[in-house]
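Working notes, beginning with the structure itself.
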Amino acid sequence: MGVVNVTPDSFSDGGQFLDPEIAIAHAEKLVADGADILDIGGESTRPYGGMQPVDADEEWRRIAPVVAGALPFGATISVDTMKASVAAKAVAAGASIINDVWGLQRDPGMARVAADHDVGVVAMHNRDAADPAIDIMADIRDFFARTLAIADKARIPRHRIILDPGIGFGKTPEQSLTVIARTAELTGLGAPLLVGLSRKRFIASVDPSEPHQRLGGSLAANLYAAKAGAAVVRVHDVRETRQALKIAAAIETKRK
């Protein structure tokens, strides 16, 4: 899954792709680099605070031309939004996945939109604030149990749900590292896993760096998560990640 942030304030690439033509060109490059899914978002969720909320009309204004422009590239289109109204417009325009960073638990209309349009859902674990004292794995499992109950009530088929443990969201860097290390424990919850850790701050907690300097850390963590059972990785650097995964898989075949 390649990231297309049509925002002025995303933590890694805010403002780079705010112009729709530039965002569409970036989406085309990500597909050429090997992205199977394009995750298009018009409101930064900024996992480390400082998020600037935008209203639904502005969010849709930002992403509408990008969703339309990216459809011909052949990748599955995902819309990264917390708002059911924006999700409904996006799926009507051709998006096939709703990526909700509050796991169907913030906007009460989100599950209904997903069910009515028969699209996929990425449901991410989140918290309003990090708490270093909690058992983060237990918190994630409890959160996902609530998400899956909401999905079942809305009659969203399980095969259309992907769970995302939300690296960096409502977690300390240590907790993010713990979640990655214990990814395999989340593979038995009844849905595939997506891991979105690209360029995030936990990398800098180990090796001080700015977002654009975290490719090595992103690759290392994504390789670990994929080997532990993550079915999808959400990344900024598609070509490099795809190459790393392919080489790791090729090496693995030589061990058998």
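In Å², what does the accessible area per residue of segment 124-256 work out to with a 1.4 Å probe?
51
So, with a 1.4 angstrom probe, what is the percent of accessible area on the chain that is carbon and sulfur? Present the calculation step by step, with values, prior to reporting the outcome.
Working: 6040 of 11370 Å².
It is 53 percent, rounded to a whole number.
Given that just one value was derived from the coordinates, which of [x] 17.1, 54; [y] 17.6, 61; [z] 24.3, 73 is Rg and Dmax of the Cα atoms in Å?
Evaluating Rg and Dmax of the Cα atoms in Å on these atoms matches [x].
Which helices, counted as full DSSP H runs in the chain, have an axial Cα extent of no less than 24 Å and a Kyte-Doolittle average of 0.0 or above?
Taking the DSSP H segments of the chain (at least 24 Å long, mean hydropathy at least 0.0), we get 136-154.
Just check segment 72-142 against the gyration tensor rule for me: Cα atoms, a ≥ b ≥ c as the square roots of the eigenvalues, rounded for a/c under 1.5, and otherwise prolate or oblate depending on whether a/b exceeds b/c.
Working: a/c = 2.78, a/b = 2.11, b/c = 1.32.
It is prolate, given that a/c is not under 1.5 and a/b is the larger ratio.
Under a 5 Å amide H to amide H cut-off, with H placed in plane at 1.01 Å, what residues pair with residue 131 once short-range neighbours are removed?
Long-range HN contacts for residue 131: 172.
What is the distance, in nm, between label points placed 7 Å from the Cα along the Cα-to-Cβ direction at residue 207 and at residue 112?
4.8
Per residue of segment 182-197, in order, report the coupling 6.51 cos²θ - 1.76 cosθ + 1.60 (Karplus, θ = phi - 60°) as ³J(HN,Hα) in whole Hz, putting x for Gly and Pro.
Running phi through 6.51 cos²θ - 1.76 cosθ + 1.60 with θ = phi - 60° gives 10, 3, 4, 5, 9, 7, x, 8, x, 7, x, 10, 10, 10, x, 10 Hz.
For the chain, please report how many Lys pairs fall under 25 Å Cα to Cα, leaving out neighbours fewer than 8 apart on the same chain.
Value for the chain: 16.
The values are calculated or read from the model by the stated rules, or taken from the named source; none is laboratory data. Small disclaimer: the values here were computed from a predicted structure and weren't measured. Quick reminder, even Gly has a Cβ in these numbers, built from the backbone with ideal geometry, and neighbours come from all protein chains shown. Side chains included, ligands, DNA and RNA excluded: accessible areas come from the protein's heavy atoms. Shrake-Rupley method; radii C 1.70, N 1.55, O 1.52, S 1.80 Å.
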